[in-house]
Amino acid sequence: MHLSDGILPVPVLAAGFVVAGALAAWGAAAWRDEETPRVAVFTAAFFAASLLHFKVPPTSVHLLFHGLLGVVLGRRALVALPVGLALQAALLGHGGLSTLGVNASVFGLAALAAHHAFRALTGTGRVTPFAAGALAAALGVALSAVAVMGLLWSVGEGFRLVAQYALIAHLPILGVEAVVTGFTVEFLRRVRPALLAGGCP
Amino acid sequence: MSCLIEVEHLHYRYPEGRAALGNLTFHLSHGERVGLIGPNGAGKTTLLLLLGGLLPDFSGSARVAGHDLQTRAGRQQVHRHLGLVFQHAEDQLLHATVFEDVAFGPLNLGLPETEVRRRVDAALASVGLDDTARDRVPFHLSAGEQRRVAIAGVVAMAPQVLLLDEPTSDLDPRGRRELVRILEGLPITRIISSHNLEFVLDTCDRVLLLDEGRLVADGPVRRVLANEPLMLRHGLEVPSCLSAAERHEATLAGPLPLPVPHVHPHPH
Amino acid sequence: MSCLIEVEHLHYRYPEGRAALGNLTFHLSHGERVGLIGPNGAGKTTLLLLLGGLLPDFSGSARVAGHDLQTRAGRQQVHRHLGLVFQHAEDQLLHATVFEDVAFGPLNLGLPETEVRRRVDAALASVGLDDTARDRVPFHLSAGEQRRVAIAGVVAMAPQVLLLDEPTSDLDPRGRRELVRILEGLPITRIISSHNLEFVLDTCDRVLLLDEGRLVADGPVRRVLANEPLMLRHGLEVPSCLSAAERHEATLAGPLPLPVPHVHPHPH
Amino acid sequence: MQAEVEQFARGTSPLHAWDARWKVVSLAVLMLVLASLDSLSVATLGAAGALAVLACGRLPLRFLARRLIAAQVFLLPCLLVLPLTFTGAPLWIGGVRLSGEGLRVASLFYLRALALVAVAMALVYSTPMTSLLRALQELRLPRILVALALLTHRYLSTLAGEFTRMRWALAARGFSPRPRPAAWRPLANVVGVALVRSLERTERLQHATRSRGYTGRLRSLQPFPGGPANWLKSAACLGAALGLWFLDRGPGT
């Protein structure tokens, strides 16, 4: 779930841009031109995921895929996410340009956590690729849900219910996204294992 | 011979409003082998997608194996009788192994496991893929092998009619020869759209010529393809393997009479 | 005639390790019109991409217009001399209007504005697209028109040699005829990879036959294409327009000597 | 979708004719101020101003309405809850106990969101993507972000077609997209297939741009429009932002 325009105070928005900028700068270090297509494809996938809606009354939620981006792109996801979010805000009106920094930071850190969780899980050799992908994606969604809840909570006491609702609305996303990411990771491992070999140099 | 596909006064517009098919009428019976030819943009692919129940919102009538494609139920059932092989085989390969991919259709039909396995084996054999291919990744196969997996995936559903869209477009001559051989071994009603007219000559008896969404000729394959003025008028050319005598005869015979609608009353 | 492309003992492996090109040696001079033929997977596209400076990490030597493709600088400069038209024209279209798309290459060359405009106009005229096409959206054009925009985008960079990968694969016979006419009007050194051997006959003088990444024949187009045993051995077939006499002669002449020393023909 | 947006971005309104670099900077400052407004009356003024800026673009109303609604789908439900959950002076409307403070905060947030979305739309829908990226490039946005945005945006236009074909392929083999656990694997496979194919395709796209001499720096024949009109528009925009800011901190506080 993206944080929309209009709610967060300016200092938080500004901090979001600073953090996201720093993350993107770190994420883009030692970039080789040959990597651009791979990152672009997953950026596009992240963009398209937000078009897959399902209803959670009274609103509707959509898939996020930042866990998948983290699993596949590693720290490159920190570059992909702001670009994907900017395109979502520009072309679809999801999220917002003013909250771009905050959203990119939230998703970026969650993606990074998903990446490390995936590496750790597959490293043990006792977990199937499906389970590793599913758990990593679940962790990514859970972390971003907690972050969104925390940010809304911080806005003021009137937002407690909204914050709780935001957390609950993430549960179906968490379930669907874990399963879809798990199958996707399994598919990629069989068809293009090089994609999962490691995020970046 | 009973009527398998009945299309009458079919009109279709692309979602953006441009006319794609205009007043199409033709019938197809069990056992016919039909080539669908015409220049780029003539509407060949659109017609095949429509017959496959994938495009709603057309006007006129289209029935396949008794299913009315104007109804949602009809469009959802038509895949039980009609197998559609897409132009780019890659578009059709959705699984991580050849076996899973070919089994996908039969599983969706709700068949029991033993029957699914039997069908997959038979389908793979019919397209000349042996057991070693079953566990391979479809995306790692050559264009010709991918095409064969795509055909097997459709054949395994045991359709009454097979629709192939430009099956030769990414094949080299060897792949094309193999495809002709495979189609010979599949004794099934078929519609094949193709720019490769020699391929159409090898695999079809009857030809429908489309141009700008309209049916401009419908007749025996050698007679249509040898009609030089007709072919040139619609951006095609007579295959060089047709003899001068055939060309002369076909051209003298003049324009082909289109089967007139209204003469076939509905058998229902 | 000076040497424009020099390839010697070229080896290339795909990133996943499979051999793509093995011990390739050939030279190409200004003004030559070369067809690149061979079955699917022979390495034709890989060779064109490599000559376009897009694949590093090969072994052996490859020079285009004096640029050594083993060096990064050489690969980055080669687009000034060599124009590459991709198999799927759509993959080459980047901009929202035809004009902007054709101007993209000349702008990247750093040319002044008036020169860019002059080149775009000339390039569009040379592929038979008129002024009304300039502001159209490339993605809404037909396959044939897209192909022409793609060629114009490369011609506008005034390359010394034009590389076309499967330019006929999605064209109907009319589109193919137009492409032959357009290529006639572009008096330029070229390499055309194609499965359509009649097209190769119409547009090339010399032919390189690749199979499994190796050069198996290099000679005058009619002599190679008419050599039936050679063609069949490599999954191709003699175009039906070549006369029986030509076939007989070419076959009698036997295997073609490869023109460059150090290349060992492979046993079959 | 992109084609539609691109088409609108090629209009001739005063907004379209504004140098994209000045436009990005001026509207960014305006957005910063709009996001910071705390007074309900100033926020109303800000939202009206933002809508006026958007109106300068002379974009089709239906299109704008659709986008405005899409942007608020996620926001409105949250705001509707606020008047019920805030404590403070109660306000009885139609037998429901509402919080006056909650209403005020919800309205303020709604107006701020409306203003921000309107300005963002004014910027994005009056600037072709390549001009926007070129402006960001001149404003020193890192080369990698520009290159990545260009390639992603270009690829999005093929992605939709890709998904349509795969949906057809599923339907043609009798797959029904009803949501149920058994459908998840095929759907995930579609994602996987789309990714694998997209990768090959995007690699070809990048090869094609590199073979035409692109090194990550966008160039264009359409220079950014110059002249005093640019300065005036930017001055007006910055003046309005400054005015809103002062009003918001005004004598009231």
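Descriptive notes on the structure:
- Counted by neighbouring Cβ atoms within 10 Å, the residues D:33, C:137 run from fewest to most as C:137, D:33.
- Plainly put, the tip 7 Å out from Cα toward Cβ on residue B:71 is 7.4 nm from that tip on each other copy, the closest given first.
- Summing +1 for each Lys or Arg and -1 for each Asp or Glu among the other residues whose beta-carbon sits under 14 angstrom from that of residue B:125 gives +3.
- Antiparallel bridge percentage (DSSP; both residues within the protein assembly as shown; nearest 5): 60
- Taking the DSSP bridge list for chain B and keeping only pairs wholly inside it, about 55 percent are antiparallel.
- In loop segments of the range B:1-77 as defined by DSSP, the trypsin sites (Lys or Arg not before Pro) with at most 12 further C-beta atoms inside 10 Å of their C-beta are B:18.
- GNM flexibility winner over chain C from C:71, C:25, C:168 (Cα, springs under 10 Å): C:71
- Semi-axes of the equivalent ellipsoid for chain C, Cα gyration tensor, largest first, Å: 32, 23, 15
- Size of electric dipole in the protein assembly as shown: Cβ of Lys, Arg +1 and of Asp, Glu -1, about Cα centre, debye, nearest 20: 2240
- Counting beta carbons within 10 Å around each of C:139, B:86, B:58 and listing the fewest first gives the order C:139, B:58, B:86.
- Size of electric dipole in the range D:127-253: Cβ of Lys, Arg +1 and of Asp, Glu -1, about Cα centre, debye, nearest 20: 520
- Contact order normalised by residue count of the range B:1-106, Cα under 8 Å, 6+ apart, percent: 24
- Computed over the range A:10-197, the P(r) tail beyond 25 angstrom holds 31 percent of alpha carbon pairs.
- Lys, Arg +1 and Asp, Glu -1 on Cβ, resulting dipole of the range C:91-132 about Cα centre, debye, nearest 20: 140
- Summed side-chain charge close to residue D:230 - residues other than residue D:230 whose Cβ falls under 11 Å, Lys, Arg +1, Asp, Glu -1: +2
- Contact order relative to length of the range B:141-208, as percent, for alpha carbon pairs under 8 angstrom and 6 or more apart: 36
- For residue B:243 and residue C:247, the FRET efficiency from 1/(1 + (r/R0)^6), where r spans their Cβ atoms and R0 equals 25 Å, is about 0.85.
- When C:193, C:59 are sorted by how many other C-beta atoms sit within 10 angstrom of their C-beta, beginning with the fewest, the order is C:59, C:193.
- Computed over the range D:89-223, the ratio Rg/Rh where both radii use C-alpha atoms and Rh is Kirkwood: 1.18
- In summary, the aspartates and glutamates within cross-link reach of residue D:233, defined as a Cα separation below 17 angstrom excluding same-chain residues under 8 places away, comprise D:19.
- Amide H to amide H distances under 5 Å link residue C:172 with B:40, where only residues 5 or more positions off or on other chains count and H is placed in the peptide plane.
- Computed from backbone phi with θ = phi - 60° and the Karplus coefficients 6.51, -1.76 and 1.60, the 3J(HN,Hα) list for the range A:121-134 is 5, 5, x, 5, x, 9, 10, 5, x, 4, 5, 4, x, 5 Hz; x is used for glycine and proline.
- Both radii were evaluated on the Cα set of chain D; the Rg over Rh quotient, with Rh as the Kirkwood radius, amounts to 1.06.
- On a per residue basis, the convex hull of the C-alpha atoms belonging to the protein assembly as shown measures out at 188 Å³.
- Percent of Cα-Cα distances greater than 18 Å, calculated over the range B:40-114: 50
- Projected label distance in nm at residue C:177 and residue D:85, using a 7 Å step from Cα toward the beta-carbon: 7.1
- Local net charge near residue A:195, Cβ-Cβ under 10 Å (Lys/Arg +1, Asp/Glu -1): +3
- Label-reachable residues, the range C:202-220, where backbone N falls under 14 Å from a point 7 Å from residue C:14's Cα toward its Cβ: C:212-213
- For chain A, built as a Gaussian network whose Cα springs stay under 10 Å, the top-fluctuating residue of A:37, A:172, A:82: A:37
- For the range A:10-197, with +1 on Lys and Arg beta carbons and -1 on Asp and Glu, the positive-most of A:42, A:150, A:101 along the dipole: A:42
- Sites listed here are trypsin sites (Lys or Arg not before Pro) in the range D:132-180 whose DSSP assignment is loop and whose Cβ has at most 11 other Cβ atoms within 10 Å: D:140.
- Relative contact order of the range A:10-197: 23 percent, from C-alpha pairs under 8 Å at least 6 residues apart in sequence.
Where a number appears in this text, it was derived from the coordinates with a stated rule and is not lab data. These figures come from a predicted structure and were not determined experimentally. All Cβ positions, glycine included, derive from the backbone under ideal geometry; neighbour counts span all protein chains shown.
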